[in-house]
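The values are calculated or read from the model by the stated rules, or taken from the named source; none is laboratory data. Quantities reported herein were computed from a predicted structural model and do not represent experimental measurements. Cβ placement follows ideal geometry from the backbone for every residue including glycine, while neighbour counts extend to all protein chains displayed.
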Amino acid sequence: MAVQQPPWTLPSQKSPEPTLKIYNSLTRTKTEFVPINGRHVKWYNCGPTVYDASHMGHARNYVTQDILRRIMTDYFRYDVHFVMNITDIDDKIIIRARHNHLIANLRSETTSLTPTLIEQVREAWVSYVQSKVSKGLPESERPSAGSEQAQWPKLVERFRDKEWKQQGLQRDEKFEMHFSAAAITFNALLKAEEYFKSGQTGVENAHTLIDSSQDVLALALDKQLGGTVNDHTIFRSLAAYWEAEFFKDMRRLRVRDPDTLTRVTEYVPEIVSFVEGIVKNGFGYVVDGSVYFDTRAFDKADGHTYAKLEPWSKGNRELLEEGEGALSAASGGKRSPADFALWKASKPGEPSWPSPWGEGRPGWHIECSVMASAILGDNMDIHSGGIDLAFPHHDNEMAQSEAYHNCSAWVNYFIHTGHLHIEGLKMSKSLKNFITIDEILQKYTARQLRLAFLTQLWNAKVDFSESLMTGEVRGIEIAFNSLTSSSFPTSSLHASQAAFRAALCDSFNTPEAINVLRDLVSKTNVYIRAPDGNLEIGLIQRVARWVGDMLRIFGLGEGETQEIGWGQERSANEGNVNREEILMPYLRTLSSFRDGVRKLAIAKGENALKDILALSDKLRDVDLVPLGVALDDQEGTPSHLLSDFPARYACVPSDSLLTGRLNCVCDARTPSLQWPQNLPRTPSTLDVARALRTFSVVPAVDGKALVKLVPPEELIKAREEKRAQAEAKAARKAAAAEAERQKRLAALEKGRVPPQELFRPPNVPEGTYGSWDENGIPLTDGEGKELSKSASKKLQKEWTLQKKRHEDFLEWQKQQEKDQG
């Protein structure tokens, strides 16, 4: 009988591995994540509508989505196909592009400040007050037609009342924005009228009026001329510009690029075909060249439900109208108020593409459905976006996609990031109360912002505040900066790893995961300070590398992956040498300086030399500082041409480069310099340069200025300190001048009393003197006794002094009246 192996028993788990659960907006619960095809995950993320600068709301959304994506790919090791769109056709883009174009045209056509321009702005302001500002005013205070200008000062006074302003915001959330725009325009009009009356009608003052009133003026211009803007490139160029700026911001925030990027303008034919499919399936209908989705028909169909995410919002007219866009006219042919546009018939002033229903453009919601379906098919694992898009955008996306594909579930997991509040207030681009990404990165680093979002749940409201950044975020930075190869022992590595995994499986609970790592760091520091000092270095290194790896998963790491810890934070482009990127900032600065000098030289103005020196100072103090270039003017130091050098040192060759092209600055106190013994007696150009350094001679190609590369922040700090010193000096000078002025005023005030009245009541106490001469000089005291000679002499002296003071006072008073008249 052959020898056989003993039986083997399948082990039973004592501690089962936690499974990943995700908070799913479709169920409003944490549900187990089950991808359709093994470890392959199809993920679509709603991208930005590109018409303005990216702000902190974008940072909250896209950094958070990046964190979740990194966890899925780098920690759970799913094969994620991450698709994101760029919305480059939209009502907001159309309106902004038209406004910019019309304002730019008006600016270019305006050559002087005229009554016509002033009246044009005034009419736009009146219309704006009636159509926008009045929405937030109580009915009793709304100005009647023709009384707007007369009532405005009273409204401005009322606007200072916080309670009154708050009531206005309750009537219209954009009240403060509209009122501020109207106030700026009104003040600009008053200033323009003053300029015109005084004959200051130059183009600069005209452009100032246009620029100050553009928010108000653009609406009037659009109403009048918007229909004439039909060039597609006007709309596309605006979107392309802000798309590029968006991705610059994302890279600064360490957000990974999507695996696939789609743009609406590249999918218009597919959109037309998709809409045709929806109509063919009985869920779309045509009205006046536009195509609408039939929500009732869809809701009644077997296997379909409209508004899966927020069924309670079906009748919310405000959200429905916002979803249709500002340019969508109310259609009397819609079968239900909830029906939404799949295809919009284009009006004059809007981009258009051919379709079976006539010239038109895509509706907003259909764009994502088509692009996601084109890349990911009739079903996806994850769809993500901001919570503000849940209804109607995402609900409409699902409805039209399921109508086209004849399926009951187009998305399996919908994940929405929470709102962002700044110091308790919700941000909104439409309200113009947002902080741009560029602005926030001037105050905090990309790592600090990411930490701020990691410390709060991804689907919860985030309250971004100064206290959060200086408190919790700074504390985490300090803790994790202590990660080194010899400062991280622990006996609970595996427990920490299990807790970390459990946190991420709990719907990406990053606050808890960060706490696990922080606790591990804290235990390490306690262990390090233990008196026995018996450290297991191998285990320390394993733990330190694991913590560093986990931090990198969140996108917090810098430098090489083999480094222990999370590395030193560095700029987004550091390490990627790009010659054009490095050189162009310097070349543009040099080119701009050259253009300025040429312009002044060609003009041959009498102040050309002074202006060129001013340009040179601007180059030194402003333009080169952000580039990290310090120029030090060595004025007053003795200098000579390098051609003098061979005459003093016979061994130095008369090299044309040395004698003809370079200047040098040397110490005149050492006229009998000796050639350095460590350099050859028959030197090369390089040897001469070394000798110059030995002699404290500083070569300068561009004259006497010394050039040095310094970190920009140091130069900026030095410049600001110099400016602060100059301002302090100016303030001291102004204070001294003011003190002198006050002193003079006090002296003048003493002369207000005529000398004849100086010794009479009320300038002296009643009864001080009994009689006076014709000039008002006392003769007797209060008891009628004649004053002594010494007393009379003293009073005479005071009277003479007062006479001089009074004359000075009268002269000053006369000058004041003349100046005021």
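The table below gives the values:
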quantity	calculated
Scan of segment 119-130 for residues that are surrounded by fewer than 17 Cβ atoms within 10 Å (Cβ to Cβ) and either touching a residue at least 40 places away in the same chain (Cβ under 8 Å) or aliphatic (A, V, I, L, M) (or both), ordered by number	Glu123, Ser127
Cβ-Cβ under 8 Å pairs, at least 6 apart or on other chains, segment 708-721 side farther than 8 Å from Gly628 by Cα, far side outside any strand (DSSP E or B) and of a type in the set (D, E, K, R)	Arg719/Asp621
Members of segment 430-463 that are in contact (Cβ under 8 Å) with a residue 60 or more places away in the chain and within 18 Å of Ile514 (Cα to Cα)	Ala446, Arg447, Leu449, Arg450, Leu451, Phe453, Leu454, Trp458, Asn459, Val462
Hits in segment 240-259 - residues which are hydroxyl-bearing (Ser, Thr, Tyr) and buried (at least 16 other Cβ atoms within 10 Å of the Cβ)	none
Pro348 loosely packed, with under 15 Cβ neighbours inside 10 Å, within 21 Å of Thr233 (Cα to Cα) and not hydroxyl-bearing (Ser, Thr, Tyr)	yes
Matching option when the condition is under 28 Å from the mean Cα position of the chain (by Cα), over 21 Å from Asn316 (Cβ atoms) and at pLDDT 95 or above, among Ser384, Ser355	Ser384
Those residues of segment 562-602 which are more than 30 Å from Arg545 (Cα to Cα), at pLDDT below 60 and within 27 Å of the chain's Cα centre (by Cα), in sequence order	Asn578, Glu580
Candidate set from segment 278-295 (those that are in contact (Cβ under 8 Å) with a residue 24 or more places away in the chain, surrounded by fewer than 18 Cβ atoms within 10 Å (Cβ to Cβ) and not polar (S, T, N, Q)); member that is farthest from Cys407 (Cα to Cα)	Asp288
Candidates Arg732, Arg723, filtered to the one that is modelled with pLDDT of 85 or more and within 30 Å of Asp621 (Cβ to Cβ)	Arg732
Number of positions in segment 368-415 that are part of a helix (DSSP H, G or I), buried (at least 24 other Cβ atoms within 10 Å of the Cβ) and touching a helix residue (DSSP H, G or I) at 6+ places or on another chain (Cβ under 6 Å)	11
Hey, Glu720 part of a helix (DSSP H, G or I), out of contact with any strand residue (DSSP E or B) (no Cβ under 8 Å at 6 or more places or on another chain) and of a type in the set (D, E, K, R) or not	yes
The listed residue being in contact with a Gly (Cβ under 8 Å, 6 or more places away or on another chain), in the same structural domain as Lys223 (by TED's automatic domain parsing), at pLDDT 95 or above and not small (Gly, Ala, Ser), out of Leu117, Leu209, Leu113	Leu113
Selection status of Leu327, outside any loop (DSSP other than H, G, I, E, B), touching a residue at least 40 places away in the same chain (Cβ under 8 Å) and surrounded by 14 or more Cβ atoms within 10 Å (Cβ to Cβ)	no
Single unsatisfied condition, Leu10 versus (1) assigned to a loop (DSSP other than H, G, I, E, B); (2) among the aliphatic types (A, V, I, L, M); (3) in the same structural domain as Thr262 (by TED's automatic domain parsing)	(3)
Residue pairs meeting the criteria (Cβ under 6 Å; at least 6 apart or on separate chains; first assigned by TED's automatic domain parsing to the domain that holds Phe759 and surrounded by 13 or more Cβ atoms within 10 Å (Cβ to Cβ), in segment 793-821; second aliphatic (A, V, I, L, M) and at pLDDT 85 or above)	Leu795/Ile777; Trp799/Ile777
Checking Gly168 against (1) surrounded by 15 or more Cβ atoms within 10 Å (Cβ to Cβ); (2) in contact with a Lys or Arg (Cβ under 8 Å, 6 or more places away or on another chain), the condition it does not meet	(2)
Residues of segment 164-192 satisfying the condition of being of a type in the set (D, E, K, R) and either at pLDDT below 95 or within 22 Å of His99 (Cα to Cα) (or both)	Lys165, Arg171, Asp172, Glu173, Lys174, Glu176
Residue check for Val50: more than 29 Å from Asn230 (Cα to Cα) and not hydroxyl-bearing (Ser, Thr, Tyr)	no
From Glu139, Glu194, Glu123, Glu148, residue being in the same structural domain as Asn100 (by TED's automatic domain parsing), more than 32 Å from the chain's Cα centre (by Cα) and under 24 Å from Leu225 (Cα atoms)	Glu123
Filter result for Tyr285 (part of a strand (DSSP E or B) and assigned by TED's automatic domain parsing to the domain that holds His405)	yes
Conditions (1) more than 25 Å from Arg317 (Cα to Cα); (2) among the hydroxyl-bearing types (Ser, Thr, Tyr); (3) buried (at least 21 other Cβ atoms within 10 Å of the Cβ): number failed by Ser465	(3)
Arg236 being crowded, with 16+ Cβ neighbours inside 10 Å, of a type in the set (Lys, Arg) and either at pLDDT 95 or above or not assigned by TED's automatic domain parsing to the domain that holds Ser108 (or both)	yes
Residue in segment 724-783 that is nearest to Glu807 (Cα to Cα), counting only those that are in a strand (DSSP E or B) and touching a Pro at 6+ places or on another chain (Cβ under 9 Å)	Trp772
